[in-house]
Amino acid sequence: MDTAAIILTGGHSRRFGGRHTPGIEIAGTPVISSLLAAVEATGVGEIVVCGSAAGIDASVRARVQVVAEEPAFGGPLHGISCSLAALPAGERIILLLAGDMPAVTTSLLDRLCETAAAGCTAAAVDPSGRVQFLCAAWPEAVLRDAVAGLGSAVGLPVKALYRDREITLIPATESELIDIDTPADLDRAARATDAD
């Protein structure tokens, strides 16, 4: 089944003094570049990046559609809505990914997509039980219906998309789901990269 990916790179990055976290380098590679490499390795057809393109290598930039949030900084759920508006409707699996996760693996993305291809909404869960709602895969029609049913997505938490919905949880390692929200997260991600 065809697959598309929505990668969210908006936000203020307040805890990094306004530094664009997907563009931060770990071992010389921007976080967003590591994520895009994993996404492309799964054979994803269309990739929409909602927010800033900072950190995306020029050789990859031509294969990625970058869209802006209107209005800006409306939150991740709003970013998903704007990204869906930029994608022609189809019968695909859609990966939803935060742009600040440097260690997501192709294996995890494949497992998410396989589950969504069977008609189930899938989200990754780490060993502590923390669900990462922005490392997920949805059947496209289900995702579009869910977003449309919320009305305006501006300011809504991404969890609203999953409310009252059955989700298949896909186990992931702690390092796979590191998302860089704080300097401490960046240190963890750097240590995980060194361990590899």
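The values are calculated or read from the model by the stated rules, or taken from the named source; none is laboratory data. All figures in this text were calculated on a predicted structure; none of them were measured in a lab. With ideal geometry, Cβ positions are generated from the backbone for all residues, glycine too; neighbour counts draw on all protein chains shown. SASA here: full protein model, heavy atoms, side chains in, ligands and nucleic acids out. Shrake-Rupley method; radii C 1.70, N 1.55, O 1.52, S 1.80 Å.
A few notes on this one:
- Pairs of alpha carbons in the stretch 80-151 whose separation is greater than 19 Å (percent): 34 percent
- Once the convex hull of all Cα atoms in the chain is built, its volume per residue stands at 111 Å³.
- Potential extension, M1-A53 segment - 0.36 nm per residue separation minus Cα distance: 16.0 nm
- Protection proxy ranking of 32-39, 120-127 - average other beta-carbon atoms within 10 Å, highest first: 32-39, 120-127
- Computed [θ] at 222 nm, deg cm²/dmol, the chain (DSSP H ≥ 4; -39,500 (n - 2.57); rounded to nearest 500): -9000 deg cm²/dmol
- Protection-proxy order for peptides 129-141, 98-110, each taking the mean of Cβ atoms within 10 Å per residue, highest first: 98-110, 129-141
- Projected label distance in nm at D181 and A117, using a 7 Å step from Cα toward the beta-carbon: 3.3 nm
- Mean-position separation - Cα centroids, the stretch 114-135 and the stretch 30-59, in angstrom: 20 Å
- Those residues of the stretch 87-119 whose amide nitrogen sits under 15 Å from the label point placed on A37, 7 Å along Cα→Cβ: 101-107
- Accessible surface, the chain, averaged per residue in Å² (probe 1.4 Å): 45 Å²
- Taking other residues whose beta carbon is less than 10 angstrom from the beta carbon of V31, and scoring Lys, Arg as +1 and Asp, Glu as -1, yields -3.
- Of all accessible heavy-atom area on the chain, the percent that carbon and sulfur account for (1.4 Å): 51 percent
- Segment A160-R63, length gained on full extension (0.36 nm per residue, minus Cα span): 31.9 nm
- If you run the Gaussian network model on the chain, springs between alpha carbon atoms under 10 Å, then out of G55, G75, G28 the most flexible one is G28.
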